[in-house]
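Notes follow the structure.
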Amino acid sequence: MRSPMCLASWLLLCCCWRTQAEIFTSIGQMTDLLYTEKELVHSLRDYIKAEELKLAEVKSWARKLDDLTRMSTSDPEGYLAHPVNAYKLMKRLNTEWSQLESLVLQNPSDGFISNMTMHRQYFPDAEDEKGAAKALMRLQDTYHLDSEDFSKGRLPGMHSNAVLTVDDCFDMGKTAYNEGDYYHAVLWVQQSLKQLDAGEEAVVSKAAILDYLSYSVYQMGDLPRAIELTRRLVAIEPSHQRAGGNLRYFEKLLLQVQNEEERTNEPASEEPIQLGTYVRPKDHLPERDIYEALCRGEQDGMTEARRSRLFCRYQDGSRNPRLLLKPMKEEDEWDSPHIVRYLEALSHSEIDKIKEMAKPRLARATVRDPKTGVLTTANYRVSKSAWLEEEDDPVIGRVNQRIQDITGLTVDTAELLQVANYGVGGQYEPHFDFSRRPFDGNLKKDEPDAFKRLGTGNRVATFLSYMSDVEAGGATVFPDFGAVIQPKKGTAVFWYNLFKSGEGDYRTRHAACPVLVGSKWVSNKWIHERGQEFLRPCGLTEVD
């Protein structure tokens, strides 16, 4: 169909036609105008047809989104708890609404466009969409999720109608491809091809899928399969710009390898490409395998012998007046290093108030660059955080006082209360809460004294409060000794980061596992050394 002509342009042509018709004085000349008129009528019908098609498409969008928003707003947190729903929301607002806007702009509708313009500044952008896609891949890696199960909404312990289409899977793979992550590109582009071959409709062409898949497979070192996929691409689209050249190059490369290794021609594998087909590339994290196994619950270091040394008790803060009538319920989570959990550390009303104050202030969480000491964002910490102080609301003062009463440490030199929210794939990879000091061995990495400017010393202890339950994932794990602590709303865990000597306890390296299903809210109170001199006296040895 020829491109539709807008009504204004058509009227302008009519005016031009009238001007020219006054010049044509012979019948012979005027017969040309009949054909011109006929063409204009065709153009007008094309315009009407295009408008009808556009209106039908907009109506289809409205019906689909009406059903979707009715379902999603009935339980917003429950809906967004599923990572596929969160990713698709990012994708819809960044990509698909823009497509709708372009469609409507073909014949502008002032009301809709002005509304879109007003709200568009708050929409997620391309970086947000990419981040959501990478979050799904992070979940896939950590929890060993098959691409097909993921695309069908089948997550551990639950089944949902949240699905990824052929185009969604392809976009996931393309995101990985553009990042040079061919491992995930293969997994997701292969899944898009599988769904397309099963008869699912899609915008993306099979040729485009095979183009990305064949090159990604080549990058993973699987030449026979890359050749087979490229041959399929050439069969579908013989004139493809790159396919022919790639095929000749792959075949030549395979021949060289076979000659060098003196082996016969190996056929391409007929096994589907899925988790385990290729080895996942190593990255910056040395304890990656242990960390993720703990997140999956596969390497919990708790033994019966250790469990027998754990107890529960009532904690009155050494007969603190505020805890005498209602002592805190304290449970041992780990014996050495000693980690305890406090039950009913925060009430539901306090949690609601803290979250209400934090929400408008949430910003991407930062970490200190180990070389410069400057705060910056990092891929290994994916969450949003806010800092609250006592002047914000009396509830912050009550919480700070309670932490002081429970721990027996002063919070006068502590940092402000940090509130963090981990959404889809939110995580914080293994890290230390304390600042590591210069050393003369080679076991740990140096970093500048990150807290020097505060003048309050190092972080002596961490008080971590859970402000939500998490349906799946989101555990706090300690890779060094295998502790796994599950989030439980209203509870808090406490441990010392430093020995009494002031030396760092490197066993306390810990991580926040990616949130698989749910929304994880926590608050941190980092307690510093200054002011604790008489509350926690030095020990006689370096590791007391």
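Return yes or no: is Pro487 modelled with pLDDT of 95 or more and not β-branched (Val, Ile, Thr)? Against the criterion (modelled with pLDDT of 95 or more and not β-branched (Val, Ile, Thr)), Pro487 qualifies. The residues in the stretch 45-56 that are under 18 Å from Glu96 (Cα atoms) and either open to solvent by less than 40 Å² (accessible area, probe 1.4 Å) or modelled with pLDDT of 85 or more (or both) can be counted, and the count is 3. In the stretch 238-349, counting only helices (runs of 4 or more DSSP H) that sit wholly within it, the ones holding 1 or more residues that are open to solvent by 70 Å² or more (accessible area, probe 1.4 Å) and over 30 Å from Asp469 (Cα atoms) span 243-261, 321-324.
Show the residue pairs meeting these rules: Cβ distance below 6 Å; 6+ apart or different chains; first residue within the stretch 411-424 and open to solvent by 10 Å² or more (accessible area, probe 1.4 Å); second residue in a strand (DSSP E or B) and charged (D, E, K, R). Within 6 Å, the pairs are Ala414/Lys525; Asn421/Lys384; Tyr422/Lys520. Going through Arg436, Arg453 one at a time, which residue ends up being surrounded by fewer than 16 Cβ atoms within 10 Å (Cβ to Cβ) and modelled with pLDDT of 70 or more? Result: Arg453 is the single residue among Arg436, Arg453 that is surrounded by fewer than 16 Cβ atoms within 10 Å (Cβ to Cβ) and modelled with pLDDT of 70 or more.
Being surrounded by fewer than 22 Cβ atoms within 10 Å (Cβ to Cβ) and under 22 Å from Asp128 (Cβ atoms) holds for only one residue in Gly180, Gly221, Gly173, and it is Gly180. Of the residues making up the stretch 352-365, those that are of a type in the set (A, V, I, L, M, F, W, C), touching a Lys or Arg at 6+ places or on another chain (Cβ under 7 Å) and either at pLDDT 95 or above or not in a loop (DSSP other than H, G, I, E, B) (or both) number 1. Suppose the filter is over 26 Å from Val515 (Cα atoms) and modelled with pLDDT of 90 or more; does Pro238 pass it? Criteria met by Pro238.
Of the residues making up the stretch 185-218, those that are among the small types (Gly, Ala, Ser) and open to solvent by 20 Å² or more (accessible area, probe 1.4 Å) are Ala198, Gly199, Ala202, Ser205, Ala208.
Cβ separations smaller than 7 Å between residues 6+ apart or across chains give the following pairs from the stretch 302-325 residues that are within 15 Å of Pro337 (Cα to Cα) to residues that are charged (D, E, K, R): Arg306/Asp335; Arg309/Asp335; Leu310/Asp332; Leu310/Asp335; Phe311/Asp332.
The values are calculated or read from the model by the stated rules, or taken from the named source; none is laboratory data. Worth saying up front: this structure is predicted, and the values here are computed from it rather than measured. A quick note on method: Cβ atoms are made from the backbone with ideal geometry, for glycine too, and the neighbour counts reach across all protein chains shown. Areas reflect the complete protein model, heavy atoms only, side chains present, ligands, DNA and RNA absent. Shrake-Rupley method; radii C 1.70, N 1.55, O 1.52, S 1.80 Å.
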